Amino acid sequence: MGTALNGKETAFGIIDNIRQVIVGKDRAIEFGVIALICQGHLLIEDIPGVGKTMLAKSLARSTGCDFSRIQFTPDLLPSDVTGVLIFNQKTGDFEFRPGPVMAQIVLADEINRATPKTQSSLLEAMEERQITVEGKSHLLPKPFMVIATQNPVEYEGTFPLPEAQLDRFLLRVQLGYPAYNEEITIMENQQLKHPFESLTSVATPGEVIALQEQARTIRVDPVLKQYIVSLVAATRDHPHVALGASPRASLGLLRSTQALALLRERDHILPDDIKELSEPVISHRLILTAAARMQGINSRGVIRDLTDKMPVPGTIVSGRALR
């Protein structure tokens, strides 16, 4: 178990540090750290005021990463995100002025309030870790992570994210309202000053990169890889699904379970890791049929249905162990 143990101090330190600011949302905090470890991106979908933006800022400060916030609005342009070429009269040349996406952790706040054209300006950055402006590519810093917040799509003035963009988010999480006692704690913590003001970094970007590399060494049994692919492939044949998950979902589930195993102080993943992460990794990638939506069925329910019905490797069925 030595491999998994080496990086636990860094990961646990980041999680504990964020808990000083975000009260009672341990699962969302853990998912944020998992996304960072996997070199993935996080989509936080919830109503205003529950701490979505503060979670992103706390993660950036805890890791010592450069942070940039982009407020997405209907009049935001793609160049406002990626950057522009400016003519320098002294040199007579055009110079690249980088946009806010050129940071290590980028908060795309209320991403679904911008037009689809502006939303798509993040596609290349999220997938290829670079941006292209006027035909010239610019590499993004390492580590690089996009944390997007999104209001529920029923809210007025929102533009649903296109399928190609949703597929680039490793995890989708919801914070939800705090519990009664947690809300009292939040009030007490912020009575004199906000705890974020005294938050300091407990890791460096270099340690985050080392953690990312270490997570990839977590062992995955070939049978569990088959289980992951079978689970993802089943979404493509489900009667309530019009468009199933892509192979990117299989890779995302593999990477995220490796990170979860590292946080659980193991050097290998378990079937339970796959079941735990299948919903936040896969559900936002599915497009349901019109009939399913009319019946009130959601993608999370589809994933729960699949994980409940699909045999888990190692279980006994008809007198034999599944392999």
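Derivation of every value follows stated rules applied to the coordinates shown; laboratory data play no part. Remember, predicted model here, so these are calculated numbers, not experimental data. All Cβ positions, glycine included, derive from the backbone under ideal geometry; neighbour counts span all protein chains shown.
Overview of values
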quantity: Residue-by-residue Karplus 3J(HN,Hα) for the range 129-138, coefficients 6.51, -1.76, 1.60, Hz, glycine and proline x; calculated: 6, 7, 10, 10, 10, 6, x, 10, 8, 10
quantity: Contact order relative to length of the chain, as percent, for alpha carbon pairs under 8 angstrom and 6 or more apart; calculated: 23 percent
quantity: Cα-projected label distance for D26 with R300, points at 7 Å along beta-carbon direction, nm; calculated: 2.0 nm
quantity: Max mean-square fluctuation residue, GNM over the chain, Cα-Cα springs under 10 Å, options G176, G24, G135; calculated: G135
quantity: Cα-centre dipole for the chain with unit charges at Cβ (Lys and Arg positive, Asp and Glu negative), debye to 20; calculated: 720 debye
quantity: Whole-number percent relative contact order across the range 1-79, with pairs defined as alpha carbons under 8 Å at least 6 apart; calculated: 29 percent
quantity: Packing-based exposure ordering (other Cβ within 10 Å, fewest first) of M310, M145, M102; calculated: M310, M102, M145
quantity: Whole-angstrom gap from the range 192-216 to the range 7-77, using each part's C-alpha centre; calculated: 10 Å
quantity: DSSP H segments from the chain that extend 18 Å or more along their own axis, Cα-based, with Kyte-Doolittle mean of 0.5 or above; calculated: 222-235, 247-263
quantity: Calculated FRET efficiency for the pair T185/D272, C-beta based, R₀ 41 Å, to 0.05; calculated: 0.85
quantity: Choice from N151, N88, N189 with maximal GNM fluctuation in the chain (Cα, 10 Å cutoff); calculated: N88
quantity: Size of electric dipole in the range 219-323: Cβ of Lys, Arg +1 and of Asp, Glu -1, about Cα centre, debye, nearest 20; calculated: 200 debye
quantity: Loop trypsin sites (Lys or Arg not before Pro), the range 97-182, which have at most 15 other Cβ atoms in a 10 Å radius of their Cβ (DSSP); calculated: R129
quantity: FRET E, pair E124, T204, Förster distance 30 Å, beta-carbon r, rounded to 0.05; calculated: 0.65
quantity: The range 219-323: relative contact order in percent, alpha carbon pairs under 8 Å with at least 6 residues between; calculated: 30 percent
quantity: Lys/Arg +1, Asp/Glu -1 at C-beta; the chain dipole; positive extreme among S299, A56, P195; calculated: S299
quantity: In sequence order, calculated HN-Hα J values of the range 98-110 (Karplus, 6.51, -1.76, 1.60; Hz; x Gly/Pro); calculated: x, x, x, 6, 7, 9, 7, 10, 10, 9, 9, 7, 6
quantity: Cβ-defined net charge surrounding A242, 13 Å radius [Lys, Arg +1; Asp, Glu -1]; calculated: +1
quantity: The range 40-151 shape via C-alpha gyration tensor axes, a/c threshold 1.5; calculated: prolate
quantity: Computed E for E9/D66 - FRET, C-beta separation, R0 25 angstrom, nearest 0.05; calculated: 0.60
quantity: Label zone at K225, where the point sits 7 Å out along the Cα-to-Cβ direction: the range 247-266 residues whose backbone N lies under 20 Å; calculated: 247-262
quantity: Inter-probe distance in nm under a simple model that places probes 7 Å from Cα toward Cβ, at N88 and L192; calculated: 4.9 nm
quantity: The chain - mean residue ellipticity at 222 nm from DSSP helices (-39,500 (n - 2.57) per run, n ≥ 4, rounded to 500); calculated: -12500 deg cm²/dmol
quantity: Leading residue at positive end of dipole, the chain (Cβ point charges), from P141, S230, I18; calculated: S230
